[in-house]
1. Can you name the condition, by its number, that Asn34 falls short on among (1) open to solvent by 70 Å² or more (accessible area, probe 1.4 Å); (2) in a helix (DSSP H, G or I); (3) within 28 Å of Arg8 (Cβ to Cβ)?
2. Can you say whether Asn81 is assigned to a helix (DSSP H, G or I) and surrounded by fewer than 14 Cβ atoms within 10 Å (Cβ to Cβ), as far as the supplied structure shows?
3. Leu60 passes all but one of (1) farther than 19 Å from Arg18 by Cβ; (2) out of contact with any helix residue (DSSP H, G or I) (no Cβ under 8 Å at 6 or more places or on another chain); which number fails?
4. Can you tell me which residue is most open to solvent (accessible area, probe 1.4 Å) among those in segment 37-47 that are more than 16 Å from Gln70 (Cβ to Cβ) and touching a helix residue (DSSP H, G or I) at 6+ places or on another chain (Cβ under 6 Å)?
5. Go through Pro73, Pro27 for me and flag whichever is open to solvent by less than 80 Å² (accessible area, probe 1.4 Å) and part of a loop (DSSP other than H, G, I, E, B).
6. Please pick out the residue among Ile127, Ile50 that is assigned to a helix (DSSP H, G or I), of a type in the set (A, V, I, L, M, F, W, C), in contact with a helix residue (DSSP H, G or I) (Cβ under 9 Å, 6 or more places away or on another chain) and open to solvent by 80 Å² or more (accessible area, probe 1.4 Å).
Amino acid sequence: MRIGQLARLVDVDTQTIRFYEQQGLLPPPDRQENGYRVYTDKHAERLAFIRRCRILNLSLAEIHKLQSYQDDPHQPCSAVNALLDDHIYHVRSQITALQSLEKQLVSLRGSCNDGREVEACGILAGISERSTKAP
């Protein structure tokens, strides 16, 4: 199949496919005499796996590592578990940071009522105060 067919099959953009090839996540396809790439079902499976990993917010490095485990299926699963445990820790850290950000934004929003002019906007003043206090 050609790149457009693969893109439609897996629901990704053709540029995304080329990017994953450049990053070594998708093996380079064979080419026809006219230079067109020729993809196989194996490419579609690999691309679908990458897409699902990206939905889980796994990094390209993490995906590459998972693929290396897939390519050597007789090793223990403990390395996969450790990778996912690290990713879970990272996600939890992001959640904590986002909750802190939410509190800051709610506090800023509470500093301004409707009906004020911009020169008396508590939100803009609050942002300006915080930016001068930042390290």
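The values are calculated or read from the model by the stated rules, or taken from the named source; none is laboratory data. For clarity, every value in this text was computed on a predicted model and none was experimentally measured. All Cβ positions, even for glycine, are placed from backbone atoms using ideal geometry, and neighbour counts span all protein chains on display. Keep in mind that these areas ignore ligands, DNA and RNA; they rest on the heavy atoms of the full protein, side chains included. Shrake-Rupley method; radii C 1.70, N 1.55, O 1.52, S 1.80 Å.
1. All conditions pass for Asn34, except number (2).
2. Working: assigned to a helix (DSSP H, G or I): yes; surrounded by fewer than 14 Cβ atoms within 10 Å (Cβ to Cβ): yes.
Answer is yes for this residue.
3. (1)
4. Within segment 37-47, the first condition is being more than 16 Å from Gln70 (Cβ to Cβ), and the residues that meet it are 37-40.
From what's left, touching a helix residue (DSSP H, G or I) at 6+ places or on another chain (Cβ under 6 Å): 37, 39.
Numbers: Arg37: 53, Tyr39: 6 Å².
Checked segment 37-47; the qualifying residue most open to solvent (accessible area, probe 1.4 Å) is Arg37.
5. On the way: Pro73 fails: open to solvent by less than 80 Å² (accessible area, probe 1.4 Å).
Going through Pro73, Pro27 in turn, the sole match is Pro27.
6. Working: Ile50 fails: open to solvent by 80 Å² or more (accessible area, probe 1.4 Å).
Going through Ile127, Ile50 in turn, just one is assigned to a helix (DSSP H, G or I), of a type in the set (A, V, I, L, M, F, W, C), in contact with a helix residue (DSSP H, G or I) (Cβ under 9 Å, 6 or more places away or on another chain) and open to solvent by 80 Å² or more (accessible area, probe 1.4 Å): Ile127.
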